[in-house]
Amino acid sequence: MDELLNPSLMAPLNLSGDRELVLRVMPLPADVNANGDIFGGWIMAQVDLAGSILPSRLAKGRIATVAVNQFVFKQPVSMGDLLSFYARVTRVGTTSVSVHVDVYAERNPANLQVVKVTEADLTYVAITAEGKPRAIPK
């Protein structure tokens, strides 16, 4: 199920392993690189946004990205792909939360395919208004 989803399901709200749909977005023409694919940096920014959703809920306030621990581009993303971002909390520390994000693309609506295009592991830290680390509420 990780690499190819059942096309009849489209991209579901939840995936196995408690992965929750946190963002769905379609890239625009301005997001295309010289090769005709979507810029990797644009995808990275969307992954950072998607990855921050669950830690933000847990922290009940301001958070900041402190690390991108792993980032793997599995397939190119093209214009017209609808991207679904699934997140799962992998660790909750005293001040930080680690998250795994999987990204799937729905492509070719006439003959729908859903493929995994990216995955990443990120760490966020809860911060005060002054930008200092603070404890995650229990």
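If only one of V115, V125 is more than 24 Å from V32 (Cα to Cα), in contact (Cβ under 8 Å) with a residue 12 or more places away in the chain, of a type in the set (A, V, I, L, M, F, W, C) and surrounded by 14 or more Cβ atoms within 10 Å (Cβ to Cβ), which one is it?
V125
Condition first: part of a loop (DSSP other than H, G, I, E, B) and either touching a Lys or Arg at 6+ places or on another chain (Cβ under 9 Å) or not aromatic (F, W, Y) (or both). Now tell me which residues in the range 15-60 satisfy that.
The answer is S16, G17, D18, M26, P27, L28, N33, A34, N35, G36, K60.
Can you say whether T65 is hydroxyl-bearing (S, T, Y), farther than 26 Å from K138 by Cα, modelled with pLDDT of 95 or more and in contact with a helix residue (DSSP H, G or I) (Cβ under 7 Å, 6 or more places away or on another chain), as far as the supplied structure shows?
No.
I'm checking my understanding of the structure. Among residues of the range 55-95 that are in contact with an Asp or Glu (Cβ under 7 Å, 6 or more places away or on another chain) and of a type in the set (A, V, I, L, M, F, W, C), which one is surrounded by the fewest Cβ atoms within 10 Å (Cβ to Cβ)?
Ranking the qualifying residues of the range 55-95, first place goes to V72.
Which of the residues that make up the range 90-138 are within 14 Å of the chain's Cα centre (by Cα) and of a type in the set (A, V, I, L, M)?
Scanning the range 90-138 gives V99, V101, V103, A105, V117, A120, L122.
Please list, ordered by first then second residue, the pairs with beta carbon atoms under 8 Å, 6 or more apart or interchain, first in the range 19-38 and basic (K, R), second surrounded by fewer than 16 Cβ atoms within 10 Å (Cβ to Cβ).
none
The values are calculated or read from the model by the stated rules, or taken from the named source; none is laboratory data. Just so it is clear, the structure is predicted and the values come from calculations on it, not from any experiment. With ideal geometry, Cβ positions are generated from the backbone for all residues, glycine too; neighbour counts draw on all protein chains shown.
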